[in-house]
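The values are calculated or read from the model by the stated rules, or taken from the named source; none is laboratory data. If you're wondering where the values come from, they're calculated on a predicted model, not measured in any experiment. Don't worry about glycine lacking a Cβ; one is built from the backbone with ideal geometry, like all the others, and counts go over all protein chains shown. Accessible surface areas use protein heavy atoms only, side chains included; no ligands, DNA or RNA. Shrake-Rupley method; radii C 1.70, N 1.55, O 1.52, S 1.80 Å.
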Amino acid sequence: MTLPFFPADLFDEDRAELLDIVRRVGLAPEQKFILGDHTARFEGAIRDSVGAADAIACGSGTSALTLVLRAMDVGDGDEVIVPAFGCAPLAAAPALLGATPVFADIDPWSMVVDPEAVARLVTARTKVIMPAHMFSVMADMPALRRIATEAGVRLVEDSAVAQGGTLSGTPAGRWGDAGVYSFVQVKTFGMPGEGGMVVTDDPELASAVRMLRNHGQDGKNRFLYHRVGYNSRFDEIMAAFQLYRFPGLAGRLARRARIGEYYTERFADLAGCGVLAPPPAKDGRCYYVYSLLAERRDELRAHLAARGIGSHVYYPAPLPRQPAFARYTRPEDTWPSADLAARRTLAIPIYPHLTDEQVERIADAVCEFAKES
């Protein structure tokens, strides 16, 4: 592939700085490799950037979801409403705590969870509603916030793919009782390692997450365990690296947005040819992935590959169709929009260092396929 979907050179320009950070952290007198001053400053940078009262760095976005739910005392007998279409941690996090993930269908075009489907699933056992932003579209957080408030349940916003996005002036991650970001390599603020962040205005929730990430310790008294916790501690080298890269995040997000908006403009007339671009609105967009809906998805993927253009399928099956989560469903349950998305979705490259000529080449190839169909 001359234009891979997952580029191998995301951090090439930062290689010298990364190596210098490794040297500096490795030779520092304090020999602190986790949860040190770099992590604290990185938490402060993220906290201040989104206007949260607190930010807690964790070992991954996945563990951040689990820590938040655990801090909310989610457990046996509880239900957590999650999208039927998305990544495994949405269902795994409540399941690992003994709760039941309840799957809500999605909007057939935007592929984010449908608020009406969520509202229909709220019961006396519902403890948390946990929507996730998907690809380049933020979920309808105002509607979901209303549903959670009226039902008297907690709202956890999985913003793993949407850091830097805003909806109605509110940053992604700030609509719920807590929000979660992910820093795994391909995310909008990805890094060469695993990491995540919880943001919240709830001091009790923040304190609980901070303890749970570090084996239940309070960060002051070592070997004093207040709770049964986890090992989900942030790496000092990665914290320093993310602090170094943070000033460039806005520029990288803007470049992703320009590419995404160009794609959407180019693909606007292809729906009748079996290729549907994401909704064209600009509010509530953050271009982590640009995913098309294609009637002949596998043929489009082969067409792009023949022209040296990589693509990727997120996700080949809805969560309730996965063997790991089938036991949480009933025979009569259906998720028609999630099923349809799994058959049609295909993501194309959108990383920020694509050149204009490369972006045009990708768009040309998609248009060529659609108009020949």
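Brief remarks on what is shown
- Scanning the stretch 273-294 for residues that are surrounded by fewer than 17 Cβ atoms within 10 Å (Cβ to Cβ) and out of contact with any Ser or Thr (no Cβ under 8 Å at 6 or more places or on another chain) returns A281, K282.
- Considering H353, H303, H312, the condition of being modelled with pLDDT of 95 or more and open to solvent by 30 Å² or more (accessible area, probe 1.4 Å) is satisfied by H312 alone.
- Among the residues of the stretch 218-234, some residue qualifies, meaning at least one is free of Cβ contacts under 8 Å to residues at least 12 places away in the same chain, among the charged types (D, E, K, R), open to solvent by less than 70 Å² (accessible area, probe 1.4 Å) and at negative phi.
- Among the conditions (1) at pLDDT below 95; (2) touching a Gly at 6+ places or on another chain (Cβ under 7 Å), the only one that E157 does not satisfy is (1).
- Within the stretch 297-309, residues that are touching a residue at least 60 places away in the same chain (Cβ under 8 Å) reach partners that are open to solvent by 80 Å² or more (accessible area, probe 1.4 Å) with beta carbons closer than 8 Å, at six or more positions or on different chains, in the pairs A305/M1; G308/M1; G308/T2; I309/M1; I309/T2; I309/R361.
- Test: residue in the stretch 324-333 that is among the aliphatic types (A, V, I, L, M) and either in contact with a Pro (Cβ under 9 Å, 6 or more places away or on another chain) or more than 30 Å from Q358 (Cα to Cα) (or both): yes
- Set A370, A305: member being of a type outside the set (D, E) and in contact with a Cys (Cβ under 7 Å, 6 or more places away or on another chain): A370
- Matching residues, the stretch 40-58, being in contact (Cβ under 8 Å) with a residue 12 or more places away in the chain and more than 18 Å from G173 (Cβ to Cβ): R41
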